[in-house]
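Beneath this line is the structure, given in structure tokens, with notes to follow.
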Amino acid sequence: GSILVLNGPNLNLLGTREPAIYGSATLDDVATLTAAAANAAGFGAECIQSNHEGDLVDALHGARGTAVAIIINAGAYTHTSVAIRDAIAAVELPAVEVHISNVHQREEFRRHSYLSAVCQAVIVGAGIHGYELAVSYLDKTLP
Ligand code: DQA
């Protein structure tokens, strides 16, 4: 089975965007590392990034019946999007929420996630290793 790895707005700028917070690895590095971890665990990985909320919703709908699980870093939509939350709930697949930075060390508005309640696990502040941790969690918990 394949894991859908979804990255949201501004994550295409990883590597150059606020490197003190997000590090120097690029989105390509994230995709490579996550796919390698997934493949090593016997999964495929489909990595999609979009800056558009509706595209993320569409990608989640596309996972229905095709993917075995979801790893999602919805970027700022984490803190605003009921639509993405509802899409995660609708597809009825195990989902892991990842944030590269430790959102609890930052502005107050980053502490609330609309997505956490519909995700099985939440990994924050582990840098890009959070994606590998998410794969590891799915590997250990998927039937
Ligand atoms: C982020 C944290 C969000 O608050 C922020 O809007 C992002 C990235 C992270 O990976 O740390 O775009 O999801």
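Values in this text are rule-based calculations from the coordinates and carry no lab data. Everything quoted here is computed from the prediction, not taken from an experiment. Note: ideal-geometry Cβ built from the backbone for every residue, glycine included; neighbour counts use all protein chains shown.
Across the chain, the longest piece that holds none of the GluC sites (Glu not before Pro) lying in DSSP loops with up to 11 other C-beta atoms within 10 Å covers 1-91.
With a ≥ b ≥ c taken as the square roots of the eigenvalues of the C-alpha gyration tensor of the stretch 37-143, please select rounded if a/c is under 1.5 and otherwise prolate if a/b is larger than b/c or oblate if it is not? Since a/c reaches 1.5 but b/c is at least a/b, the shape of the stretch 37-143 is classed as oblate. Here the Karplus curve 6.51 cos²θ - 1.76 cosθ + 1.60, taken at θ = phi - 60°, turns the phi angles of the stretch 55-64 into couplings of 5, 5, 4, 4, 5, 5, 4, x, 6, 5 Hz, with x standing for Gly and Pro.
Around the amide H of I71, modelled in the peptide plane, lie the amide H atoms of L4, V5, L6, V96, all under 5 Å away and 5 or more residues distant in sequence or on another chain.
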